[in-house]
Amino acid sequence: MAVYAAHLTRTLQGTPSVFQITAQEALGATVKPALRKLVEYLASVYPKNKWSERWYDELYLLIDCCLQYHYLKHYAASFSECFYGLMRVPLTSSNEFSTGHRLPVPLEKGSLALLVLLPYFRDKVEKIVNQWREDNEDGRLGKSKSDKARKAAVHLYSIAHLVSEAAKLIILARYLTGSSPCPSPPLLLLGLTLTNAPPPEPEENTWSDLARNLFKGNIGSAMITFPMVWGAMAGAVQWGAFFVQFLRWWETRPGLTMDSLPSPPPPIREEKSVRYTNKCPVCLQSWKVPTVLPVSGYIFCYSCIARHLRANQTCPVTMLPATERSLVRLYIDT
Ligand SMILES: [Zn+2]
């Protein structure tokens, strides 16, 4: 009962911040690309498992379904909502606490469908529409009926996308100003809202209990402490997803990369270089097997410069230090 009371006070007081709402959405959007990277990596390591790449969307649908179902059942929240300490509660107070911590079954099923199936079908439709859009831009769509329908579908999809993004923003803005209790369209559709989750109940078993039981060979008692192990694994998965999100942000942040530096001006041409136009600076003949010394940019016969470098380790013209290993053969007509 105390838990329900805590839940009640939290529900009334704890309105999640917009930061929590947007952060959990961003985290949720990270999981799929992160898993795709993992699948691509596994497919490259084990080339026989190409099917996992081909059926990635379906594989992910299955994993996502299990993951979200677990979180909805145990925490009344999606995976990412749980990470930010949020839980789903019905907007109408009549059935709000009838099932305690759990969501009413229809709302749980609805939540699962909107969390898992909606993104799956949206991604599928988006893939097809993007293909048609590319075909249209490349002029591959003609005047036939089916091509006209495809063009219309591309336009319709753009409009629908714009409308849904606008609706998302409006609902979030209304949530921000306090005129709506619901922060996102799927939650509004289900008649749910987000609230801060009550603090977790203190764990009865500690890690030292688990270690002690395992050490004593008391497997039965060790099994009792298993929920704790599962909890720790779930925590590791959540932090892993958060870490991936951090890495993505780190990669995309504007920074000092080689590309962002301005190109330096080209070096000024040395006067003496004119003397060696189209000839080897060592033998002063036209090149035999033209070879460039990258440190200075002069082109020599391979045998002339190789011999010189073996004896002096410097460029014969500029005196810059160089080795035979830095020589580059040029394939030019001489
Ligand atoms: Zn030469």
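The values are calculated or read from the model by the stated rules, or taken from the named source; none is laboratory data. Because the structure is predicted, anything quoted here is derived from the model rather than measured. Quick reminder, even Gly has a Cβ in these numbers, built from the backbone with ideal geometry, and neighbours come from all protein chains shown.
Among the residues of this structure, ALA241 counts as one that is touching a residue at least 60 places away in the same chain (Cβ under 8 Å) and either under 49 Å from the mean Cα position of the chain (by Cα) or within 16 Å of the ligand (Cβ to nearest atom) (or both).
Residue-wise test of (1) outside any loop (DSSP other than H, G, I, E, B); (2) more than 30 Å from LEU86 (Cβ to Cβ); (3) at pLDDT below 70.
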position	(1), (2), (3)
PRO199	no, no, no
ASN205	no, no, yes
GLY217	no, yes, yes
SER221	yes, yes, yes
VAL229	yes, no, no
PHE242	yes, no, no
TRP250	yes, no, no
ASP259	no, yes, yes
PRO265	no, yes, no
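Restricting LYS37, LYS32 to those that are free of Cβ contacts under 8 Å to residues at least 60 places away in the same chain and assigned to a helix (DSSP H, G or I) reduces the list to LYS37.
Here the condition is being free of Cβ contacts under 8 Å to residues at least 40 places away in the same chain, surrounded by 15 or more Cβ atoms within 10 Å (Cβ to Cβ) and within 25 Å of the chain's Cα centre (by Cα); of VAL154, VAL129, VAL116, it holds for VAL129 alone. Only residues that are over 13 Å from PRO186 (Cα atoms) and surrounded by 12 or more Cβ atoms within 10 Å (Cβ to Cβ) were counted in the stretch 157-171, giving 5. In the stretch 274-289, the residue that is nearest to the ligand (Cβ to nearest atom) out of those that are touching a residue at least 24 places away in the same chain (Cβ under 8 Å) and either among the aliphatic types (A, V, I, L, M) or not assigned by the TED database to the domain that holds ARG325 (or both) is VAL282. Scanning the stretch 290-318 for residues that are within 9 Å of the ligand (Cβ to nearest atom) and closer than 16 Å to TYR331 by Cβ yields PHE300, CYS301, TYR302. With respect to PRO47, determine if the residue is modelled with pLDDT under 85 and buried (at least 19 other Cβ atoms within 10 Å of the Cβ). So PRO47 does not fit the description; no.
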